[in-house]
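The values are calculated or read from the model by the stated rules, or taken from the named source; none is laboratory data. Owing to the predicted nature of the structure, the values given are computational and were not obtained by experimental measurement. Please note: Cβ atoms are built from the backbone with ideal geometry, for glycine as well, and neighbour counts cover all protein chains shown.
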């Protein structure tokens with residue numbers, strides 16, 4: 001009897017694994033085209049100052065790290081998706097003018113096509129009240145499939161430079177004779 005059980009067990013195991021639903025199968029491979037679609041949508045949302053349109057491509061548990069200049073040297077802040085969206089909304093609401101440009105984008109898709117790393121720089125010029133601020137940031141984003149959607153699961157942003165200048169307006173002078 002022992003021999004027949006040992007012969008049946010592998011057959012039962014084989015049948016059980018053959019009936020595993022397709023939903024558990026490995027996720028589809030990430031393509032550069034999919035990544036560029038997401039980047040273009042994020043860029044369009046940024047130019048429209050649409051915070052929700054930007055974070056729509058972030059996983060719910062996405063961690064965002066911001067390495068930026070602080071009052072006493074560099075500081076690293078870590079925020080979640082909701083905090084990031086709130087900060088974007090607040091920042092966008094103070095701008096009277098905003099320019100945004102993504103450059104030097106590089107995409108590396110992992111060997112099994114299940115994750116990707118995207119690096120690049122973003123050049124921003126913004127006007128806030130009487131100041132023009134120019135910033136260059138470097139980004140590294142990790143993208144993965146989550147629930148059938150390709151999403152950013154982590155984002156590291158480093159501020160490379162930030163310049164600020166005051167806008168001076170010349171008031172017309174009235175010239176009076178003699």
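Determine which single condition residue 66 fails, assuming it passes every other condition in (1) touching a helix residue (DSSP H, G or I) at 6+ places or on another chain (Cβ under 9 Å); (2) in a helix (DSSP H, G or I).
Condition not satisfied by residue 66: (2).
Within the range 113-123, can one find any residue that is touching a residue at least 60 places away in the same chain (Cβ under 8 Å) and part of a loop (DSSP other than H, G, I, E, B)?
Scanning the range 113-123, I find at least one residue that is touching a residue at least 60 places away in the same chain (Cβ under 8 Å) and part of a loop (DSSP other than H, G, I, E, B), so the answer is yes.
Among the candidates 155, 95, single out the residue that is in contact with a strand residue (DSSP E or B) (Cβ under 6 Å, 6 or more places away or on another chain), under 20 Å from residue 42 (Cβ atoms) and at pLDDT below 95.
The conditions single out 95.
Among the residues of the range 93-108, write down those that are in a strand (DSSP E or B) and on the phi < 0 side of the Ramachandran plot.
Those that are in a strand (DSSP E or B) and on the phi < 0 side of the Ramachandran plot: 97, 98, 99, 100, 101, 102, 103, 105, 106, 107, 108.
Run down 128, 118, 79 and say which single residue is crowded, with 16+ Cβ neighbours inside 10 Å and farther than 20 Å from residue 41 by Cα.
Checking each option against the conditions leaves just 79.
Tell me, yes or no, whether the range 98-106 has at least one residue that is within 25 Å of residue 28 (Cα to Cα), touching a residue at least 12 places away in the same chain (Cβ under 8 Å) and surrounded by 14 or more Cβ atoms within 10 Å (Cβ to Cβ).
Yes: the range 98-106 contains one or more residues that are within 25 Å of residue 28 (Cα to Cα), touching a residue at least 12 places away in the same chain (Cβ under 8 Å) and surrounded by 14 or more Cβ atoms within 10 Å (Cβ to Cβ).
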